[in-house]
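A quick write-up on the structure given underneath.
The values are calculated or read from the model by the stated rules, or taken from the named source; none is laboratory data. In this text the structure is predicted, and so the values were computed from the model without any measurement. No Cβ is skipped: glycine too gets one built from the backbone with ideal geometry, and neighbour counts run over all protein chains shown. Surface accessibility is based on the protein's heavy atoms, side chains included, excluding ligands, DNA and RNA. Shrake-Rupley method; radii C 1.70, N 1.55, O 1.52, S 1.80 Å.
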Protein chains: 2
Amino acid sequence: MTKRALLQDDHPCRDCSVSTESLCCALDADALSDFRNQGGTICLAAGEPLFHQGDLADCVFSVTSGVVKLNAILPDGRRQVVTFLFPGDFVGLEMNDRHEFSAEAVSDTRLCRFLKGRFERFADRYPALAAARYRRAASELASAHQKIVMLGRKTAAERLASFLTDVHRRIGTAEVSGAKLVPLPMSRGDIADYLGLTKETVSREFTRLRTSRIIRPRSVTLVEILDPQRMRELAFGIAA
Amino acid sequence: MTKRALLQDDHPCRDCSVSTESLCCALDADALSDFRNQGGTICLAAGEPLFHQGDLADCVFSVTSGVVKLNAILPDGRRQVVTFLFPGDFVGLEMNDRHEFSAEAVSDTRLCRFLKGRFERFADRYPALAAARYRRAASELASAHQKIVMLGRKTAAERLASFLTDVHRRIGTAEVSGAKLVPLPMSRGDIADYLGLTKETVSREFTRLRTSRIIRPRSVTLVEILDPQRMRELAFGIAA
DNA sequence: ATCGAGGCTTGATCTACATCATTCCCGCAG
DNA sequence: CTGCGGGAATGATGTAGATCAAGCCTCGAT
C-alpha cells in the first residue's frame, strides 16, 4: 500500500513522493495544511551543503528525493560519513542546539523543511505525529547500531557487501526480470569515508567482487548484483 | 536540580535514583502509579543476561543502577559491544519485534521493566512521556553517531581516550579535590570489543596513557585522570 | 576530434594493530 | 603463608589495509 493511497484526494502532501513512513501520514488534511507550509521546500544541487557543523539547529528536514550525506571532520582532516540519508529519511532529528555534523547533497536533492519549535508543538498535539517521529528515530538508531558492528568488526570486503546490500534495500530496483540494480550516486571517496576505509581499498574490493562474479558494474554509478546469496553471506560475515 | 526536587512528595518514583532525564518525570503521581507497577523491577548479578539476540522484544527497560552492555556476535564469533548502558539509560528502545542484540549485566544491576504495548498507550495519552521518550532516543542516536566517527576514523589511543572521557561523563566522580576518577566495571575484553580493538591493544594503550602521565590507574577497575586537557585533545583527535 | 582535469583503478611498499605466546599480578581457598 | 586460577600486561611476529605513486578512463570544454 503506497502512501498515496492513505491520503485523501485533497491532502496537501498527496504529491509527496516519499514512502508510507513519512510523518505527514500521521496528520489529517486540516492539521497538515496548517503544519506543512511553515518551512517550505529546499532544492540542492549535488555537492551543495545543507548546513555545517556548528550551525544553529532550528530546523528538521525530510528528504523527498535525492541523497544527503552527514559528514564528520576531525581537526586534522580525517573524514567520516556518519550516514547517507535517502528519500523518507529525516535530517536533524538530534536534539542539540547546534549541528554536530555537516550535511551535504550527494545528488540533486529536494527536502521539506520544518521549524523545530513548531514541530514540537504539533507533536504534543498530535500523538500520531509524535509516534511517527519516534519510530523514525528508533529506526535510525537501529541502523546506527548495525553500522557500529560493521565498523568495529567487519573486514573491508564485508563492509562493502553490507553497504551494497543496504543501499539496494533503500533505493535499489526490485528483482524484476532477475536484475538487482544498485545505484551509487556517491563517489568512491564518499563510500570509503562511510565504511571507514580508503578509496583505494574500496576500489580494490569492488574489483574483487567483480572478479568473484558477485557483482557486475554497469557503470561507476550503477552495479548489478549477480549473486545476492553470496552477497548477503559476505555482508553478515559468514563467508570464509 | 535533582529529579527528586521535581517530584511531589507522594510520587511513587520519588526514591528512584536515576537522573532528571528519567521518563517518570514526565508523568504526574496519578498517571505514574497507574503506569509503573506493570513490569516490576529486575535485579541482575554481574554477568547475567537480560535477553538474547532473537528474543521477543516486548519490554523496555530502564537502568536504575549498575551497567549493562549490548552485545553483537558475528557467526564466526567476532564480538562487538554496541553500547554500554548506564543509570538513566533505556534498553530496548528499538521498534523491532525481536532483539537484534543480546543484553548482559556488566556489574550488579537493577532495572525497571515496562511492557511495550502499555508504554505505547501511555505515550499516546501523555505527550510529555512521548517527548521524553523521543529525547532519549535522539540522545542515544547522537552518541551512536559519535561512536561511528570513533570506530571509523580514530586510532587506538584516541578510541581509549574517547571511551574514558565518555565513561567519566556518565559515571565518573566530579572534580572534587582535583581528582577525576573513572570507574571501569567492565573487563579489558569488553572495552576492546566496545572500541573495535583487541584486549592486548587496549592494555598497551592503557600503559601508554600511564607512562605519558595522562592517567594513573588506582586499580584495574578505577583510573584517575591526571591531565584532563591532554585527554580531551587525544579523544577529539587533536594530539600529534 | 583533441585536450585536460578529476575521479577511478592498479601496483609497490609501509605500518598500526592483530595474533600468538609468555609472564605477571592479585584475589582467594586451603 | 602458599599455591592456584583467571584476568591483565608484555613481547615477538604476522597481516589487512593505509600510504605513496603511477597510469587510465570519462566526460565536458574548446
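Structure data summary
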{"quantity": "For B:Y194: the one exception among (1) of a type outside the set (D, E); (2) within 12 Å of DNA strand D (Cβ to nearest atom); (3) farther than 14 Å from B:A157 by Cβ; (4) within 14 Å of chain A (Cβ to nearest Cβ)", "calculated": "(2)"}
{"quantity": "Considering residues of region B:142-159 that are open to solvent by 30 Å² or more (accessible area, probe 1.4 Å) and more than 16 Å from DNA strand C (Cβ to nearest atom) only, the residue farthest from the other protein chains (Cβ to nearest Cβ)", "calculated": "B:S143"}
{"quantity": "Qualifying residue in region A:144-157 (condition: more than 20 Å from A:F236 (Cα to Cα) and small (G, A, S))", "calculated": "no"}
{"quantity": "Among the candidates B:T201, B:T207, B:T165, residue that is over 22 Å from the mean Cα position of the chain (by Cα), away from chain A (no Cβ under 14 Å) and not acidic (D, E)", "calculated": "B:T207"}
{"quantity": "Candidate set from region A:201-233 (those that are open to solvent by 90 Å² or more (accessible area, probe 1.4 Å), out of contact with any strand residue (DSSP E or B) (no Cβ under 9 Å at 6 or more places or on another chain) and within 13 Å of DNA strand D (Cβ to nearest atom)); member that is nearest to B:G152 (Cα to Cα)", "calculated": "A:R204"}
{"quantity": "Given (1) in contact (Cβ under 8 Å) with a residue 60 or more places away in the chain; (2) outside the structural domain of A:T109 (by TED's automatic domain parsing), number of the condition A:A132 does not satisfy", "calculated": "(2)"}
{"quantity": "Options A:V182, A:V167, A:V176; residue that is away from DNA strand D (no atom under 16 Å from the Cβ), of a type outside the set (S, T, N, Q) and at pLDDT below 95", "calculated": "A:V176"}
{"quantity": "First in region A:188-204 and charged (D, E, K, R) and at pLDDT 95 or above, second anywhere and in a helix (DSSP H, G or I) and within 10 Å of DNA strand D (Cβ to nearest atom), Cβ under 7 Å, 6 or more apart", "calculated": "A:R188/A:K199; A:R188/A:V202; A:R188/A:S203; A:K199/A:A192"}
{"quantity": "Candidate set from region B:189-221 (those that are among the aliphatic types (A, V, I, L, M) and within 18 Å of B:A235 (Cα to Cα)); member that is nearest to DNA strand C (Cβ to nearest atom)", "calculated": "B:L197"}
{"quantity": "Residue count, region B:102-129 (criterion: open to solvent by less than 20 Å² (accessible area, probe 1.4 Å), free of Cβ contacts under 8 Å to residues at least 60 places away in the same chain and either among the aromatic types (F, W, Y) or touching a helix residue (DSSP H, G or I) at 6+ places or on another chain (Cβ under 9 Å) (or both))", "calculated": "2"}
{"quantity": "All positions within region A:40-75 that are within 14 Å of chain B (Cβ to nearest Cβ) and open to solvent by 40 Å² or more (accessible area, probe 1.4 Å)", "calculated": "A:Q53, A:I73, A:P75"}
